[in-house]
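K.L.:
The structure is given below, and queries will be raised subsequently.
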Amino acid sequence: MKTPNPFYYGNEVYDDDFCNRVQELQELAQDVSSGQNLLLYAPRRFGKTSLLKKLKHKLDKQKDYKVIFIDLFSVSSIDEFIQKYFNLIINSFENNTQKALRNIKEVLNIRPNVTMSINETGNISYSLSISKKEQNQTLEDVLNLPSIYAKKFNKKVVVIFDEFQEIEQLKFEKKLRTILQSHSREVSYIFSGSKKSILNQMFSDNSRAFYKSVKHFHIEQIKLDEWIVFIENKFKQTNKEIEKRYIKQVFDITDGFPYYMQQIMSMIWEKTSQNVDDDILKQSLELIIQREYDLYSFIWSSLTPNQKNTLKYIVHVDGLNLYSNDHLQEFNFSATTLKSTLEALLKKDICDKKDDRYYLVDPFMKYWLETIG
């Protein structure tokens, strides 16, 4: 029987497939136990959702906790939000169908009729019949359910809103904030997302409802030493070997992004019979560039000529001293044009800035740009 590939990517990662994040997990658990509300930002493919799902699994094992995890990425209307959130709340609070229905009827004072359905796999889902006239009140009732449940049953409730920036399109940001701020320490909210420009506006603009309402939780890069231990063990467990220098090369290319580290190592492992060599690394990178080509080509084609030149400029000077006269003259940029173009790229979340250095949010896109010249 063929040995399964020890590297996993593309979906949430658990258990032995999860690299480190021990400190972050402990801090998250401590914050929510104190009733703290959190804002957690990380770019796509950085392992944000895996970390939050790991937190959920950790807390689910504790009898005093109930955790609701809702991904808002696909939610496109208030009615859809109400139905999805309501169903997740009820299923998170009670596995027993009869108890769940009794709680809905006796405790969770919902006005509209509740219906229950069972799909082909036997999973139970709950929904509400909502008239247009009742929508506003029903939204308020559903938003209050975690708090009502926490107080009634003396439980600690944690609600994780993943891809929270999508709420902006639903136009009930102020109502949401008004209701959530009335909830006690028994309910902790984690607002998570991948679009930094929108999240910054929502939580840092003093005209917005969620202004200064949370602790900002930063996910740091997984260190090279931790990746070395993780990857070497994976290879050894499957009777293969990889030298540290290859791990470092991949780390430098990917900036330690978990998705890319796992993806490239998965490819290298597949091509390795016993020991990794230069050709295997080269072939693996070339193949992944081919697989990612359509994605980056699509992003590239959506940019203006100035934006494309600016990205090349950032890569060329490693994001440093962008406004120096020598650099501007070399790329034939004016400071005014560069400023407006950078602002547009920051808004698109294609590039970002840390201290005095600009960089591409997706490190593999930088590598792609370097390969295509």
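K.L.:
In the range 330-356, how many residues are within 18 Å of Ala42 (Cα to Cα), open to solvent by 30 Å² or more (accessible area, probe 1.4 Å) and out of contact with any Lys or Arg (no Cβ under 6 Å at 6 or more places or on another chain)?
P.N.:
Within the range 330-356, residues that are within 18 Å of Ala42 (Cα to Cα), open to solvent by 30 Å² or more (accessible area, probe 1.4 Å) and out of contact with any Lys or Arg (no Cβ under 6 Å at 6 or more places or on another chain) number 6.
K.L.:
Looking at the range 68-79, is at least one residue of a type in the set (A, V, I, L, M, F, W, C), at pLDDT 90 or above and exposed (fewer than 15 other Cβ atoms within 10 Å of the Cβ)?
P.N.:
yes
K.L.:
Might you let me know whether the range 7-19 holds any residue that is under 11 Å from the mean Cα position of the chain (by Cα), open to solvent by 30 Å² or more (accessible area, probe 1.4 Å) and at pLDDT below 90?
P.N.:
Yes, there is a match, as at least one residue in the range 7-19 is under 11 Å from the mean Cα position of the chain (by Cα), open to solvent by 30 Å² or more (accessible area, probe 1.4 Å) and at pLDDT below 90.
K.L.:
What do you reckon, is Ile299 out of contact with any Phe, Trp or Tyr (no Cβ under 9 Å at 6 or more places or on another chain), open to solvent by 40 Å² or more (accessible area, probe 1.4 Å) and among the hydrophobic types (A, V, I, L, M, F, W, C)?
P.N.:
yes
K.L.:
Condition check: open to solvent by less than 20 Å² (accessible area, probe 1.4 Å) and within 30 Å of Asn136 (Cβ to Cβ). Does Ser197 satisfy that?
P.N.:
For Ser197, the condition - open to solvent by less than 20 Å² (accessible area, probe 1.4 Å) and within 30 Å of Asn136 (Cβ to Cβ) - is not met.
K.L.:
Only residues that are closer than 21 Å to Gly10 by Cβ, open to solvent by less than 10 Å² (accessible area, probe 1.4 Å) and without any contact (Cβ under 8 Å) to a residue 60 or more places away in the chain: list them for the range 245-264, please.
P.N.:
Hits for the range 245-264 are Ile247, Val250, Gly256, Ile264.
K.L.:
Okay, next question. Just one of Leu139, Leu170, Leu143, Leu128 is out of contact with any Asp or Glu (no Cβ under 6 Å at 6 or more places or on another chain), modelled with pLDDT under 90, closer than 15 Å to Gln83 by Cβ and open to solvent by less than 20 Å² (accessible area, probe 1.4 Å); which is it?
P.N.:
Every option except Leu128 fails the conditions.
K.L.:
Within the range 200-244, track down each residue that is open to solvent by 40 Å² or more (accessible area, probe 1.4 Å), basic (Lys, Arg) and closer than 30 Å to Thr3 by Cα.
P.N.:
Lys223, Lys236, Lys244
K.L.:
Mind checking which residues of the range 297-313 are more than 25 Å from the chain's Cα centre (by Cα) and of a type in the set (Val, Ile, Thr)?
P.N.:
Thr304, Thr310, listed by residue number.
K.L.:
So which of Gln62, Gln30 ends up being out of contact with any Asp or Glu (no Cβ under 8 Å at 6 or more places or on another chain), surrounded by fewer than 16 Cβ atoms within 10 Å (Cβ to Cβ) and assigned to a helix (DSSP H, G or I)?
P.N.:
Gln30
K.L.:
Still on this model: Here are some conditions: (1) without any contact (Cβ under 8 Å) to a residue 40 or more places away in the chain; (2) more than 22 Å from the chain's Cα centre (by Cα). Trp368 meets all but one. Which one does it not meet?
P.N.:
The number of the failed condition is (1).
The values are calculated or read from the model by the stated rules, or taken from the named source; none is laboratory data. It should be emphasised that the depicted structure is a prediction, and the values quoted were computed from it without experimental measurement. Ideal geometry is used to build each Cβ from the backbone, glycine not excepted, and the neighbour counts take in all protein chains shown. Remember, those area values only see protein heavy atoms, side chains included, never the ligands or the DNA or RNA. Shrake-Rupley method; radii C 1.70, N 1.55, O 1.52, S 1.80 Å.
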